[in-house]
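Single-structure report; data block below.
The values are calculated or read from the model by the stated rules, or taken from the named source; none is laboratory data. Treat the numbers as computed from the prediction; the structure is a model and nothing was measured. With ideal geometry, Cβ positions are generated from the backbone for all residues, glycine too; neighbour counts draw on all protein chains shown. The accessibility values were calculated without ligands, DNA or RNA, using every heavy atom of the protein model including side chains. Shrake-Rupley method; radii C 1.70, N 1.55, O 1.52, S 1.80 Å.
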Amino acid sequence: MKKLVVGNWKMNGSIESLSEIETLATRHHDSTIDILICVPAPYLVPAKQIAGSLYIGAQDCHTASQGAYTGDVSAYMLSDISASHVIIGHSERRAAHNETNTLVREKALIAQLADLCPIICIGETLSERENEHTLSVIHEQLIGSLDPNLNSSSFVIAYEPVWAIGTGLVPSETEIEEVHGFCRQYLLEQFGNSAEYIQILYGGSVKGSNAERIFALQNVDGALVGSASLLADDFSVIIEALENV
Ligand code: PEP
């Protein structure tokens, strides 16, 4: 399976900082892995123009294809401007915009209908981990967020423990492998043998300093990276770690 590394710029960046993407596109033009940068919506078109062989994606979409939803963006619009992927159900959206598993499920389905590859985010909070509820929370999120009608050849799972995002904290290798193995098993049960090829990404404080050891873990097919994706020099170290697996 091809590995995938995703940069999530969140609500950061500017026209000027798109030069970071230009640098990455030059440096990694013949990469053996898929490299995707999910920029804020206003920068999708200019980012696409300079991205070369890198993929450009969005950070959210609406459940409807069009209509009276002021301020929202539809999956079809993202597809129209040649975005390839869309992040769905990031924990920041689940928390700040009350996004439920049901909403995530609807968004992921319409993203696929619009020919986008949804990156469906799941992950436990610190108190859920401390109370040993991690696997039951992950199970519930997988059941609720993945529609059985999803095409297994074009969606990605991102396991992102909420407590690891932007904190510098990272689960142990055993903990990451346990959750990724659990996800793989669930996907195989739901989608059959083709689920071997569904990319399962780890996200949460991935840096150049820990990328190599995370990418060596079983069922870790890449990463979703926040702050360390903003500067080309930082992100390149992570990209190279995944290229060298
Ligand atoms: C994220 O935004 O999904 C993320 C993992 O952020 P960070 O890498 O900064 O923890």
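Hey, any idea what the orientation-averaged projected area of the convex hull of segment 58-118's Cα atoms comes to, in nm²?
On the way: hull surface 15.0 nm².
Over every viewing direction, the Cα hull of segment 58-118 projects on average to 3.8 nm².
Relative to one another, the C-alpha centroids of segment 169-184 and segment 59-118 are positioned 27 Å apart.
Counting only protein heavy atoms, what percent of the accessible surface of the chain is carbon or sulfur at a 1.4 Å probe?
Taking all protein chains in place, the chain shows 48 percent carbon and sulfur surface.
Couplings 3J(HN,Hα) for segment 114-122, derived from phi with the Karplus relation 6.51 cos²θ - 1.76 cosθ + 1.60 (θ = phi - 60°), are 8, 6, 9, 9, x, 9, 8, 9, 9 Hz, where x marks Gly and Pro. Put +1 on the Cβ of every Lys and Arg and -1 on every Asp and Glu Cβ in the chain; which of Ala111, Ser82, Ala211 then has its Cα farthest towards the positive end of the dipole? Positive-most Cα among the choices belongs to Ser82.
Local charge for Ser227 was computed over the other residues whose Cβ lies under 10 Å away, with Lys and Arg +1 and Asp and Glu -1, and equals +1.
Across segment 50-60, rounded Karplus estimates of 3J(HN,Hα) from the backbone phi angles (6.51 cos²θ - 1.76 cosθ + 1.60, θ = phi - 60°) give 10, 7, x, 8, 7, 8, 10, x, 9, 10, 5 Hz, Gly and Pro being marked x.
Here the dipole of segment 4-243 is about 420 debye; that uses its Cα centre as origin and unit charges on the Cβ of Lys and Arg (positive) and Asp and Glu (negative).
Springs between alpha-carbon pairs under 10 angstrom, Gaussian network model over the chain: which of Gly71, Gly144, Gly166 fluctuates most? Of Gly71, Gly144, Gly166, the most mobile in the Gaussian network model is Gly71.
Other residues with beta-carbon under 11 Å from the beta-carbon of Val137 carry, at +1 per Lys or Arg and -1 per Asp or Glu, a net charge of -3.
Using the Kirkwood radius over Cα pairs, work out the Stokes-Einstein diffusion coefficient for segment 4-243 at 4 °C and 1.567 mPa s, in µm²/s as a whole number. Before the final figure, lay out the partial values.
Numbers: Rh = 17.8 Å.
Stokes-Einstein gives a translational diffusion coefficient of 73 µm²/s.
Note on the chain: GNM, Cα springs under 10 Å; of Ile56, Ile119, Ile33, the largest mean-square fluctuation is that of Ile33. Residues in the chain average 45 Å² of solvent-accessible surface per residue, probe 1.4 Å, ligands and nucleic acids excluded.
Below 8 Å, C-alpha to C-alpha, sequence gap of six or more: please give me the relative contact order for the chain in percent. The normalised contact order for the chain reaches 20 percent. When the chain is described by a simple charge dipole with +1 on each Lys and Arg Cβ and -1 on each Asp and Glu Cβ, the residue from Ile143, Tyr69, Ile35 located farthest towards its positive end is Tyr69.
Under the membrane-span-like helix rule (DSSP H runs whose alpha carbons stretch at least 20 Å along the helix axis, mean Kyte-Doolittle hydropathy -0.5 or higher), the chain yields none.
Summing Cβ point charges (Lys, Arg +1; Asp, Glu -1) relative to the Cα centre of segment 162-236 gives a dipole of roughly 120 debye.
Taking Cα pairs under 8 Å and at least six residues apart, what relative contact order does segment 1-80 come out at, in percent? Write down the numbers at each step before the final one.
Values: 106 pairs, mean separation 22.9, N = 80.
For segment 1-80, the relative contact order is 29 percent.
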